[in-house]
Amino acid sequence: MTWRIRSRSSQRSHPLPPYPSTTETKLLPAQRARVDTSRRYLRNPKKPPKGMALLQLHHLSLHSLPFTPKLHYSRFSTRKSLRFSFSASASTTMAKQVLVPVANGTEPMEAVITIDVLRRSGAEVTVASVEKELRVDACHGVKIVADALVGDCKDTGFDLIALPGGMPGATNFKDCAVLESVVKKQAADGRLYAAVCASPAVALGSWGLLKGLKATCYPSFMEQLSSCATAVESIVQQDGKVVTSRGPGTTMEFSVALVEQLYDKEKADEVSGPLLLRPNHGDEYKVIELNPMEWKCNNIPQILVPIADGSEEMEAVMIIDILRRAKANVVVASVGDNLEILASRKVKLVADMLLDEAAKLSYDLIVLPGGLGGAQAFANSDKLVNMLKKQAESNKPYGAICASPALVLEPHGLLKGKKATAFPAMCNKLSDQSFIDNRVVVDGNLITSRGPGTSMEFALGIVDKFFGRPKALELAKVMLFVH
């Protein structure tokens, strides 16, 4: 459909028209405020509303519009009019609304991967706590701060509700009457709902929302699932408006499938490309190792994982989660003034301590997640850079993934004489690019990797070096990352 708005009151160009009234009921409060501001300006362009710059609506962006504008500008006088033509497809251009609940005991990889991937698609994802406060203590000591309480979302319509797994997180979902009511209404309205790991059996099945449908879940819950659904062992199973999946190692595929259901195959392919997913899920992962050396530690590895505003949340959480599953002592340190950081896809994570405090300890490994903003914060932290240099000079292990090898290690001379890899778009910054096409590269005391879709292999590669290949493969199978 097309809307045309005309104004003849001024020779000044109007930057944007008001939103069409047909979309207003679907706008969020902040978007409605923008609508009102734009309309007041169009009624009286000689007197713009306070805080609004003429010819520049700096607070509006294409990401905040519920449709994609095609602006047609022309010079005109007071006798002529300026036409704005807006083309929108009602089915594809409105931002999709998604609810991802979290609870104490939620599996953090499943929650964060789902949130991150869906936000990459352009969906507006609300992370809602089923607890009495916004912060939840997820599994493996990961602390996540939700956007809202689930009770605040009960009257909102969502295009998709997706439940991560984890125990006792799935049980906490099941016992939340508000969430049960919201998901049952979603099903009754014929809208998409989804769950992964324990949640298909423990939550959806208990609520009677899988009757007569094919579904899958984590292997140890398959017997429970079979009493309330037709249980199958697919990586991702869709039946009607329900999508289910198996565990941490299948969550990225699960999330991409949700993008396809919300939008289409083209959008799913667009989102999945930069993730660097494995071509064959379930195959045993490979780590390229050069100049092998033993990574030593005193009984339990002490590992530092710095995080900062702009860190890639999938990479950070997968590293932390998997290393803690292996029983390493992982310290998550904020490179900033606050324990809480806002990651690259707006997931709020809480560190264990500030870097100043963490710097008083010694580590068997310092490993950096990626994310453009986070990598830049790391590179600008003299304290962290000095810690990395001392680590390298002592021939102790250090590592980085995604943007961090190129933006942190390379500029500070920490890749000198080393083979490494990085996010594909960043590899041109590496002085030695001979091994950049490998998913994980170990060169002596250095380990590097490429991006979100290689993070699990990266973390397992670290487990391999400290605990041995059998332990790493055992974890990979438990997470359903390999067969």
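The values are calculated or read from the model by the stated rules, or taken from the named source; none is laboratory data. Just so it is clear, the structure is predicted and the values come from calculations on it, not from any experiment. For neighbour counting, all protein chains shown are included, and Cβ atoms are generated from backbone atoms with ideal geometry for every residue, glycine included. With ligands, DNA and RNA removed, areas are computed over all heavy atoms of the protein, side chains included. Shrake-Rupley method; radii C 1.70, N 1.55, O 1.52, S 1.80 Å.
Couple of notes before you dig in:
- Filtered residues of the range 459-469 (kept if within 19 Å of Ala392 (Cα to Cα) and either among the aromatic types (Phe, Trp, Tyr) or open to solvent by less than 10 Å² (accessible area, probe 1.4 Å) (or both)): Gly461, Ile462, Phe466
- Residue that is in contact (Cβ under 8 Å) with a residue 24 or more places away in the chain and over 21 Å from Ile462 (Cβ atoms), where the choices are Ile341, Ile319: Ile341
- Per the conditions (1) within 30 Å of Met94 (Cβ to Cβ); (2) free of Cβ contacts under 8 Å to residues at least 12 places away in the same chain, the sole criterion not satisfied by Asp175 is (1).
- Index of the failed condition, Leu368 passing every other in (1) in contact with a Ser or Thr (Cβ under 6 Å, 6 or more places away or on another chain); (2) open to solvent by 20 Å² or more (accessible area, probe 1.4 Å): (2)
- Of the residues contained in the range 375-387, one or more are found to be under 18 Å from the mean Cα position of the chain (by Cα) and in contact (Cβ under 8 Å) with a residue 24 or more places away in the chain.
- Every pair of residues 6+ apart whose Cβ atoms lie under 6 Å, when the first sits in the range 418-436 and is without any contact (Cβ under 8 Å) to a residue 12 or more places away in the chain while the second is open to solvent by less than 50 Å² (accessible area, probe 1.4 Å): Gln433/Cys427
- Selection status of Ala377, in contact with an Asp or Glu (Cβ under 8 Å, 6 or more places away or on another chain), within 19 Å of Lys286 (Cβ to Cβ), surrounded by 17 or more Cβ atoms within 10 Å (Cβ to Cβ) and not polar (S, T, N, Q): no
- Residues of the range 432-454 that turn out to be open to solvent by less than 10 Å² (accessible area, probe 1.4 Å) and charged (D, E, K, R), as a count: 1
- Scanning the range 191-214 for residues that are hydroxyl-bearing (Ser, Thr, Tyr) and either assigned to a strand (DSSP E or B) or more than 26 Å from Lys96 (Cβ to Cβ) (or both) gives Tyr193, Ser206.
- Restricted to the range 266-296, and to residues there that are part of a strand (DSSP E or B) and open to solvent by 50 Å² or more (accessible area, probe 1.4 Å), the residue that is farthest from Phe423 (Cα to Cα) is Glu289.
- For the range 246-262, a tally of residues being in contact with a Gly (Cβ under 8 Å, 6 or more places away or on another chain) and either over 25 Å from Ile322 (Cα atoms) or without any contact (Cβ under 8 Å) to a residue 60 or more places away in the chain (or both) returns 0.
- Whenever a residue of the range 193-216 is in contact (Cβ under 8 Å) with a residue 12 or more places away in the chain and closer than 20 Å to Gly157 by Cβ, its partners that are surrounded by fewer than 24 Cβ atoms within 10 Å (Cβ to Cβ) and of a type in the set (S, T, N, Q), lying with C-beta atoms within less than 7 angstrom and at least six residues away or across chains, give the pairs Tyr193/Gln186.
- Failed item, numbered, when Ala188 is tested on (1) farther than 22 Å from Ile113 by Cβ; (2) in contact (Cβ under 8 Å) with a residue 60 or more places away in the chain: (2)
- Restricting the range 239-265 to residues that are under 15 Å from Ile113 (Cβ atoms) and part of a loop (DSSP other than H, G, I, E, B), the residue that is least open to solvent (accessible area, probe 1.4 Å) is Gly247.
- Exactly one residue among Ala316, Ala308 is in contact with a Ser or Thr (Cβ under 8 Å, 6 or more places away or on another chain) and surrounded by 17 or more Cβ atoms within 10 Å (Cβ to Cβ), and that residue is Ala308.
- Among (1) open to solvent by 10 Å² or more (accessible area, probe 1.4 Å); (2) closer than 30 Å to Pro101 by Cα; (3) among the hydrophobic types (A, V, I, L, M, F, W, C) - the single one Ala392 does not satisfy: (2)
- If you go through the range 183-192 and pick out every residue that is open to solvent by 20 Å² or more (accessible area, probe 1.4 Å) and either in contact with a Phe, Trp or Tyr (Cβ under 8 Å, 6 or more places away or on another chain) or under 18 Å from Ala170 (Cα atoms) (or both), you end up with 3.
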